[in-house]
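Laboratory data are not the source of any read-out in this text; all were calculated from the coordinates shown. From a predicted model like this one, the values you see are computed outputs, not experimental measurements. Cβ placement follows ideal geometry from the backbone for every residue including glycine, while neighbour counts extend to all protein chains displayed.
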Amino acid sequence: MNSEKESSKTVPIVVGVVIVLLVIGGLVFYLITRSKPETETTAPTTTPTQTTEGKALPSKDVMGTDLGIASRSPNSVRVAYSKSSDSGVTKISYQTKDSVDQVKEYYYEELTSSGWQMTSSEGPQVKFEKEPARLYLWFSYNESDQITEYELRYFPE
């Protein structure tokens with residue numbers, strides 16, 4: 001009679017342990033499959049953000065918007081965005097595989113065609129003005145990653 005009571009207590013314990021192990025196993029499986037990079041689960045494709053030389057660009061933009069005064073340089077990915085709610089100053093950073101000179105030329109053509117004046121170009125910084133607004137562009141090139149990063153700082157007044 002004692003063994004019947006023990007076996008009737010053992011069955012729910014074993015069932016409980018099996019359920020807990022299944023839940024833990026499912027959670028571990030979910031975490032492992034979720035942490036795999038997308039490139040392992042999808043066929044490789046050629047896009048402007050991938051390259052066989054240097055480091056690949058991010059696959060998508062961070063949250064934010066582009067400036068309405070000029071479209072972004074082609075093949076660029078937005079990597080940072082901030083906008084001050086009180087002053088309206090906007091800072092946006094992009095990365096591209098295009099050269100610094102290509103990006104500078106693109107913005108020169110885009111901005112001057114819409115009435116902006118380039119007021120200085122010293123080293124890695126270029127300044128445009130269209131009263132009362134100012135736009136600063138800073139450029140850097142990472143040789144080992146072969147990525148040009150540029151930042152736009154827009155001051156509306």
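Rounded to the nearest 20 Debye, what is the dipole magnitude of segment 77-155 about its Cα centre when Lys and Arg each give +1 and Asp and Glu each give -1 at the C-beta?
Dipole size: approximately 320 debye.
According to a simple spin-label model (label point 7 Å from Cα along Cα-to-Cβ), what is the distance in nm between L22 and T10?
Spacing of the two 7 Å Cα→Cβ label points: 2.1 nm.
Return the distance in nm (one decimal) between the two label points of a simple spin-label model at E110 and D61, each offset 7 Å from Cα along Cα→Cβ.
1.1
Along the positive direction of the dipole of segment 77-155 (beta-carbon charges: Lys, Arg +1; Asp, Glu -1; about the Cα centre), which of V89, T112, T148 reaches farthest?
Of V89, T112, T148, it is V89.
Take S71 and K127, extend 7 Å from each Cα along the Cα→Cβ direction, and tell me the distance between the two endpoints in nm.
According to this spin-label approximation, the distance is 3.0 nm.
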